[in-house]
1. Mind putting a number on the dipole of region 139-253 about its Cα centre? Charges go on the C-beta only, +1 for Lys and Arg and -1 for Asp and Glu, and I need it in Debye to the nearest 20.
2. What is the set of long-range amide H partners of Gly133 at a cut-off below 5 Å, with H atoms built 1.01 Å from backbone N?
3. Send over the per residue convex hull volume for region 124-220, Cα only, as a whole number of Å³.
4. Given a 1.4 angstrom probe, I'd like the percentage of the accessible area of region 145-266 that is carbon and sulfur, rounded to a whole number.
5. Using a cut-off of under 14 Å, list every residue of region 54-73 whose amide N is near the label point 7 Å from the Cα of Arg234 along the Cα-to-beta-carbon line.
6. With runs of 4+ DSSP H residues as the only contributors, calculate the mean residue ellipticity of the chain at 222 nm using -39,500 (n - 2.57) per run, divided by the residue total and rounded to the nearest 500.
7. Between Glu181, Glu70, Glu108, where does the largest GNM mean-square fluctuation fall for the chain, given springs only between Cα atoms within less than 10 Å?
8. Two decimals is fine: what's Rg over Rh for region 154-199, C-alpha atoms, Kirkwood radius as Rh?
Amino acid sequence: MGYVETDLQLAQRAAMTGAAVALPHFEALAELPREVKADGSVVTAADRAVESAIRDVLTAARPSDAILGEEEGQTGSAGRRWIIDPIDGTALFVAGDDRWLVLIALEEDGVVTTAVAAHPAQGSVWWATRGGGAFEGRIVGGRVVAETPVHVSAGADTVAGCRLGVVPEDWGRELVAPLKEVTPALPWPIHPALMIARGDLDLAVQTGGQIWDFASTSLIVREAGGGYSGVNGRLEPGPGASVYARSDALRLAALEIVSGAALSSP
């Protein structure tokens, strides 16, 4: 019997392919043409090239699956759907900041079951499968090595004094202001959700986004023992702002502060 590639192995291979396409663009930023989308976000030729390369890998391996990508929209309508953010953090990418990501998730009948999040310019990658835990590794020669289980940290379930991250840092100031009043927002060398997964942060707010911004990171945080939801309380990833926390109790405490501030503001 021949070798059968698992969904996780496929997602990792697709992410490594995307990373290999993105990195030369990142290293030649001065020549990279860019444009501004209708929503004010920046898109580059790199975003499109990375998504196209990832789609080619996924389509060849799983031709009957649907694919949803930030740049090309959805193709197919199967119960299995791959969700791609080819360059998460394009503004960081075009600024020469190495914190951008390649995000790939597999959703089966509305539930995310496989997730990969890579920081190609940093040589790091995270992944998770539903019920299988969360892991961190390194990217060496286009391969994933040094697999290490990750888990959230322990601590009190109170927002005051917890380690908070906010991404993007310059969006949603009104949303995060009530949280910042009780604990400062800390700098983040990697995506705050991934810092929660490996115990370096306790709470994070992603102040805006679409399903492709959250599908991968939400599963990784949950499989590391943490909690995720939209700011509106929705448990599955979707449009809007989202909250990640090292425990569901802390997530709910943060949501109470955010929604309480929204209700009391004129």
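The values are calculated or read from the model by the stated rules, or taken from the named source; none is laboratory data. Here the structure is a predicted model, which is why all the values come from computation and not from measurement. Cβ sites come from the backbone with ideal geometry, for glycine too, and all protein chains shown count toward neighbours. Calculation scope for accessible area: heavy atoms of the full protein, side chains included, ligands and nucleic acids excluded. Shrake-Rupley method; radii C 1.70, N 1.55, O 1.52, S 1.80 Å.
1. Values: 9 positive and 12 negative charges, 23 e Å.
The dipole magnitude comes to about 120 debye.
2. none
3. Spread over its residues, the Cα hull of region 124-220 gives 115 Å³ apiece.
4. Numbers: 3020 of 5140 Å².
Carbon with sulfur: 59 percent of the solvent-accessible area.
5. Nothing falls inside the zone, counting backbone N under 14 Å.
6. On the way: 7 runs with 87 residues, N = 266.
One gets -10000 deg cm²/dmol as the mean residue ellipticity at 222 nm.
7. Residue with maximal mean-square fluctuation among Glu181, Glu70, Glu108: Glu181.
8. Rg/Rh for region 154-199 comes to 0.95.
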